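Novice: Okay, here's the structure, questions in a sec.
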Amino acid sequence: MRGPAAPDTFTLEIVEAALTAAADEMFAVLRRTAMSPIIYEVLDVGTGLTDAAGNLISSGAGIPTFVGVLDKAVRHIAGRFAGDIADGDIFLTNDPYHGAVTHLNDAVVAQPVFAGGAPVAWAASIAHWSDIGGRVAGSMAVDATDIHQEGLRLPAVKLFDRGRPVTPVLELIRANSRLPDILAGDLWAQVAAGRRGAARIAEVVQRHGRAAYDAALQRAFDRAAGRAAAGLAALPPRRYRIAEEQDHGPVWRAAIAVAPDRFTVDLTEAPDQSDGPWNTSRDGAVIAAQMIFKALTDPSRQANAGSYRALEVLTRPGSVFHAREPAPHGYYFETRIRLFDLLWRCLAEAMPERLPAGHFASICGTVLAGRHADSGRAYTMVEPQQGGWGATAARDGLDAMFSASHGETYNCPVEIAEARYGHLVGRKTLRADAAAGGTGRRGGCGVETLLRLRAPATLSVGYGRTRVPVWPLAGGAPGGVNGVGITPGGQAQERLLAFASGVALQPGDEVRLFTAQGGGHG
C-alpha cells in the first residue's frame, strides 16, 4: 500500500511564499498600531517566524540585527518553558542574559502556533520601548555599572496564559515605565502582530497539510544553505586579521578564517567586558558575524536558519563580546556595530572590489525627555541618526543613510518631531567633513540637525566614531567623525559630547547632532 504522495513543487513554493507574507503582515500590523514614533516612523522593530524548535523560517522588514534576535529569544523561551507551553500562550523577554540579546529597552514578544494540537511554529517580534525605568528617562544611563540600574528585567515570562492575560505582569510593566500608556500601546501592538502571524501559519497548515508545511521548511533551509555554500566557495580561502584602535583607546582584534566549507569568526582576543554599558552578549556578537557572512555569500535573498550552517563564531566568556552577568548592556548597539564595522574592514581591505569603504558606523542614539512646551504631556524622543556610507570602486558613497545594521528604517519627519515633542528643528542638512587628500570616489555625506528647546528636558546620547575617523580604501580620503554639541541659550561656546545621560537642558538651548562622511575609495 502506497503512502501519501510527496508535496509537489508548486505547493512547496506556495507554502514558502505564504510564510514570507505572514512575516510581512506582522510588520505592517506592528507599524500601524504602535504608539511610539520610534516604531511607527523610524521602524525600530523586527518581525519573524520560527519553526517549533526556534529555527528562523522567514522575516518581515525591520532592522536586520533585530530579526537576528528572534530565533535566539524563541529558543530560550522554548527551553525555559518546556512542558508548559499551550495554545494561546504569549511570552515576553527583554533581558540580554535570558534570550533578548540586546538591552532592556528592546522587548521580544513571542507566541507559539499550534496545529492539530501540536506546536508547529512561533510568531515573534522585537521593538524598542521608549522607557522601561532605570536611572534616567529613556533607560539608557552611561554611568550604569550593572544591569540592575538600567530598568525592569523580564527574563522570559508569560504575558498570556492559554489566551488569558497575566494581569500582574502587565501591571508590573506599566508601573516601571515613565510612559506607561505609550509602553502599553506598543506592547499591545506586538501582541496584535503575533496574533496575525500565528493565524496565517495556522491557515497554511490547515490548507496544505502538515506534511507539505514540514517539507517546505526543510526545502527552504536546504536551499538557503546551498546558496550560502556556493557564495562561500567563491571567496579566497585564507585567514584574515584586523587590529583597530577604538575611540576610547583599546585596540580590538579579530580574525576571520575562510575555508571552502567553513567561515570562522574568531573574537577570542577581545578585551575584557566593560564596567559601563558597552557590552554585548555572545548572541549579539553572533548576529554581527551573521550579517557579514550573509552579505558576502548570499546578499540577495532573505535569511533563514539554513543561511548560517557554515558559520562558526568563537568568543571568550567575560569579554566585551560575550559579557557575563551582571554587566550592563544599555549601549550594546555601539559595541555591536563597531564589531560589525571591524569585521567589515577586515575583509574589505583584502577584497576592496567586493565591499565599500567604511561608513559612519554608529547608531548615534539620541534620547530627549521632558514635557511638551504646549500640552505639558510627558514624552521621550528616541531616535537613531543618519550618516554617510563609504564609496566603492564604481561609485561615490551614499548620503544620509542609517547604519548598516539598521536596514530599511527611516528618520522621524520634522513635522512629527515638533508636534510630538515640542522642540523646534532649526535645520537638517547634508554635511561633508572628510579630510583633504586621497583620490577616486568620495564618501557619502553625513547629516547635521539642530534642535532648539522650548521647555526643560534631559538628554542622553551614545555616539561612536567620535575621535577615530571613518576608514577609507585603496588610497581614498578618510571620512569624518560623529558627535553632539550643546550650546546654552545666549552663549556662543559649544560643548561636545559622545556618551552622556541625564544632561539638563533649558529653554533656548541648542543641540547640534552631526554624523560623519563615509570613507573614500581610491
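The values are calculated or read from the model by the stated rules, or taken from the named source; none is laboratory data. Keep in mind the model is a prediction, meaning the values are calculated, not measured. Here the Cβ is made from the backbone with ideal geometry for all residues, glycine too, and neighbour counts use every protein chain on show. Surface areas here come from the heavy atoms of the whole protein model, side chains and all, with no ligands, DNA or RNA. Shrake-Rupley method; radii C 1.70, N 1.55, O 1.52, S 1.80 Å.
Novice: Working carefully through the options ARG178, ARG241, find the one that is of a type in the set (D, E, K, R) and not in a loop (DSSP other than H, G, I, E, B). Steps first, please.
Specialist: Details: ARG178 fails: not in a loop (DSSP other than H, G, I, E, B).
Only one candidate qualifies: ARG241.
Novice: If you don't mind, there's one more thing I want to ask. Output the residues belonging to the range 150-197 that are open to solvent by less than 60 Å² (accessible area, probe 1.4 Å), free of Cβ contacts under 8 Å to residues at least 12 places away in the same chain and under 22 Å from GLY134 (Cα atoms).
Specialist: Across the range 150-197, the qualifying residue is only PRO180.
Novice: Looking at GLY163, GLY117, GLY99, which one is modelled with pLDDT under 95, under 24 Å from ALA82 (Cβ atoms) and out of contact with any strand residue (DSSP E or B) (no Cβ under 7 Å at 6 or more places or on another chain)?
Specialist: GLY117
Novice: So, one more: Could you figure out which of (1) part of a helix (DSSP H, G or I); (2) among the polar types (S, T, N, Q); (3) on the phi > 0 side of the Ramachandran plot isn't true of SER139?
Specialist: Every listed condition holds for SER139 apart from (1).
Novice: Shifting gears a bit: Identify all residues within the range 87-119 that are open to solvent by less than 10 Å² (accessible area, probe 1.4 Å) and either more than 24 Å from ASP283 (Cα to Cα) or free of Cβ contacts under 8 Å to residues at least 12 places away in the same chain (or both); write none if there are none.
Specialist: The answer is ASP89, VAL113.
Novice: Suppose we filter GLY284, GLY276 for residues that are buried (at least 22 other Cβ atoms within 10 Å of the Cβ) and within 25 Å of GLU150 (Cα to Cα); which single one remains?
Specialist: Result of the check over GLY284, GLY276: GLY284.
Novice: In the range 237-261, which residues are open to solvent by 60 Å² or more (accessible area, probe 1.4 Å) and farther than 30 Å from PHE499 by Cα?
Specialist: Hits for the range 237-261 are PRO237, ARG238, ARG239, PRO260, ASP261.
Novice: Among the residues of the range 343-355, is there at least one that is part of a strand (DSSP E or B), under 19 Å from ARG227 (Cβ atoms) and more than 21 Å from the chain's Cα centre (by Cα)?
Specialist: No, the range 343-355 contains no residue that is part of a strand (DSSP E or B), under 19 Å from ARG227 (Cβ atoms) and more than 21 Å from the chain's Cα centre (by Cα).
Novice: Does THR65 qualify as being of a type in the set (S, T, N, Q), surrounded by 24 or more Cβ atoms within 10 Å (Cβ to Cβ) and not in a strand (DSSP E or B)?
Specialist: In short, yes.
Novice: Kindly evaluate THR50 against the criterion of being buried (at least 22 other Cβ atoms within 10 Å of the Cβ) and more than 16 Å from the chain's Cα centre (by Cα).
Specialist: Yes, satisfied.
Novice: Another question, then. Could you look through the range 494-522, keep only residues that are in a loop (DSSP other than H, G, I, E, B) and open to solvent by 10 Å² or more (accessible area, probe 1.4 Å), and pick out the one that is modelled with the lowest pLDDT?
Specialist: Going through the range 494-522, the residues in a loop (DSSP other than H, G, I, E, B) turn out to be 494, 498, 506-509, 515-520, 522.
Then drop every residue that is not open to solvent by 10 Å² or more (accessible area, probe 1.4 Å), which leaves 494, 498, 506-509, 517, 522.
On the way: GLU494: 93, ALA498: 97, GLN506: 97, PRO507: 97, GLY508: 96, ASP509: 97, GLN517: 96, GLY522: 89.
Filtering the range 494-522 for residues that are in a loop (DSSP other than H, G, I, E, B) and open to solvent by 10 Å² or more (accessible area, probe 1.4 Å), the one modelled with the lowest pLDDT comes out as GLY522.
Novice: Going through LEU172, LEU187 one at a time, which residue ends up being under 21 Å from the mean Cα position of the chain (by Cα) and either among the hydroxyl-bearing types (Ser, Thr, Tyr) or part of a helix (DSSP H, G or I) (or both)?
Specialist: LEU187
Novice: Which residue is farthest from ALA417 (Cα to Cα), if the candidates are limited to the range 479-493 and must be part of a loop (DSSP other than H, G, I, E, B) and open to solvent by less than 50 Å² (accessible area, probe 1.4 Å)?
Specialist: Filtering the range 479-493 for residues that are part of a loop (DSSP other than H, G, I, E, B) and open to solvent by less than 50 Å² (accessible area, probe 1.4 Å), the one farthest from ALA417 (Cα to Cα) comes out as GLY479.
Matching residues to (1) modelled with pLDDT of 95 or more; (2) closer than 18 Å to ARG354 by Cβ; (3) open to solvent by 20 Å² or more (accessible area, probe 1.4 Å); (4) not basic (Lys, Arg):
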{"residue": "THR297", "(1), (2), (3), (4)": "yes, yes, no, yes"}
{"residue": "SER300", "(1), (2), (3), (4)": "no, yes, yes, yes"}
{"residue": "GLY306", "(1), (2), (3), (4)": "yes, no, no, yes"}
{"residue": "ARG309", "(1), (2), (3), (4)": "yes, no, yes, no"}
{"residue": "THR315", "(1), (2), (3), (4)": "yes, no, yes, yes"}
{"residue": "GLY318", "(1), (2), (3), (4)": "yes, no, no, yes"}
{"residue": "ALA323", "(1), (2), (3), (4)": "yes, no, no, yes"}
{"residue": "ALA327", "(1), (2), (3), (4)": "yes, no, no, yes"}
{"residue": "GLY330", "(1), (2), (3), (4)": "yes, no, no, yes"}
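Novice: In addition: Considering only the range 408-433, how many residues are under 17 Å from the mean Cα position of the chain (by Cα), open to solvent by 40 Å² or more (accessible area, probe 1.4 Å) and not aromatic (Phe, Trp, Tyr)?
Specialist: Total satisfying the criteria: 2.
Novice: Looking at (1) open to solvent by 10 Å² or more (accessible area, probe 1.4 Å); (2) under 28 Å from GLY209 (Cα atoms); (3) of a type outside the set (Asp, Glu); (4) free of Cβ contacts under 8 Å to residues at least 60 places away in the same chain, which is the one condition that is false for VAL74?
Specialist: Of everything listed in (1) open to solvent by 10 Å² or more (accessible area, probe 1.4 Å); (2) under 28 Å from GLY209 (Cα atoms); (3) of a type outside the set (Asp, Glu); (4) free of Cβ contacts under 8 Å to residues at least 60 places away in the same chain, VAL74 misses just condition (1).
Novice: Would you confirm, using the coordinates I've provided, whether PRO478 is closer than 27 Å to THR47 by Cα and touching a residue at least 40 places away in the same chain (Cβ under 8 Å)?
Specialist: It is false that PRO478 is closer than 27 Å to THR47 by Cα and touching a residue at least 40 places away in the same chain (Cβ under 8 Å).
Novice: Taking the criterion of being modelled with pLDDT of 95 or more, open to solvent by 10 Å² or more (accessible area, probe 1.4 Å), over 20 Å from ILE39 (Cα atoms) and not basic (Lys, Arg), would at least one residue in the range 126-135 satisfy it?
Specialist: Looking for residues that are modelled with pLDDT of 95 or more, open to solvent by 10 Å² or more (accessible area, probe 1.4 Å), over 20 Å from ILE39 (Cα atoms) and not basic (Lys, Arg), one finds at least one in the range 126-135, hence yes.
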